[in-house]
1. Just a yes or no: is a residue in region 92-106 out of contact with any Gly (no Cβ under 8 Å at 6 or more places or on another chain), outside any helix (DSSP H, G or I) and closer than 25 Å to Val148 by Cβ?
2. Where residues in region 6-32 are among the acidic types (Asp, Glu) and outside any helix (DSSP H, G or I), which of them is nearest to Asp44 (Cα to Cα)?
3. Output the number of residues of region 33-57 satisfying the condition of being exposed (fewer than 10 other Cβ atoms within 10 Å of the Cβ) and in a strand (DSSP E or B).
4. Select from region 137-152 the residues that are surrounded by 11 or more Cβ atoms within 10 Å (Cβ to Cβ) and in contact with a Ser or Thr (Cβ under 9 Å, 6 or more places away or on another chain) and list them in ascending order.
5. Just to be sure before I move on: is Ile32 assigned by TED's automatic domain parsing to the domain that holds Ser141, of a type in the set (Val, Ile, Thr) and without any contact (Cβ under 8 Å) to a residue 60 or more places away in the chain in the structure I sent?
6. Restricting to region 62-91, give me the number of residues that are of a type in the set (A, V, I, L, M, F, W, C), closer than 17 Å to Ala145 by Cα and in contact (Cβ under 8 Å) with a residue 40 or more places away in the chain.
7. Go through the residues of region 110-122 one by one and say whether even a single one is closer than 17 Å to Tyr140 by Cα, of a type in the set (Ser, Thr, Tyr) and in contact (Cβ under 8 Å) with a residue 12 or more places away in the chain.
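The values are calculated or read from the model by the stated rules, or taken from the named source; none is laboratory data. A quick note: this is a predicted structure, and the numbers were derived from the prediction, not measured. Reconstructed Cβ throughout: ideal geometry from the backbone, glycine too, with neighbour counts over all protein chains shown.
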Amino acid sequence: SDQYLEERLQLLDEQLATVTRLAKDNELPDAILTESGLKITPLDAAVPDRAQALIDQTSQLLPRIKITELLMDVDDWTGFSRHFTHLKDGAEAKDRTLLLSAILGDAINLGLTKMAESSPGLTYAKLSWLQAWHIRDETYSAALAELVNHQY
């Protein structure tokens with residue numbers, strides 16, 4: 001209890017003294033102190049050869065599917081899109097493809113303009129209208145709850 005805390009504080013003080021000494025001598029491993037602050041060398045994203053081989057092997061087993069098709073399948077299973085109701089009358093979105101495209105653009109931080117440019121048949125005006133009337137914090141919350149509840 002008190003003795004344990006005192007021991008931990010003493011250890012912390014010792015470690016801080018060590019770090020301070022190393023920093024003053026510019027001997028911190030993979031880090032340097034500059035006038036602007038502490039700069040830490042990023043870790044390499046090294047993947048062992050055996051792990052990379054397994055990643056490649058399992059990747060080849062997965063079906064190639066468009067993310068929009070996967071989103072449609074998930075909506076078919078869960079019905080989460082029904083929660084994105086119209087702000088005024090509470091009606092569900094009439095164009096599910098447009099709705100899911102707007103959600104996807106939001107989810108991957110693509111934005112409506114780039115989503116419209118990258119998706120045949122979609123326009124910024126359509127996506128923007130749908131987002132303004134159907135996509136809100138409370139509709140996201142209800143749809144997310146539906147997805148979570150469907151897992152149990």
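1. yes
2. The extreme case among them is Asp30.
3. 2
4. Hits for region 137-152 are Thr139, Ala142, Ala143, Glu146, Leu147, His150.
5. no
6. Total satisfying the criteria: 4.
7. Within region 110-122, none of the residues are closer than 17 Å to Tyr140 by Cα, of a type in the set (Ser, Thr, Tyr) and in contact (Cβ under 8 Å) with a residue 12 or more places away in the chain.
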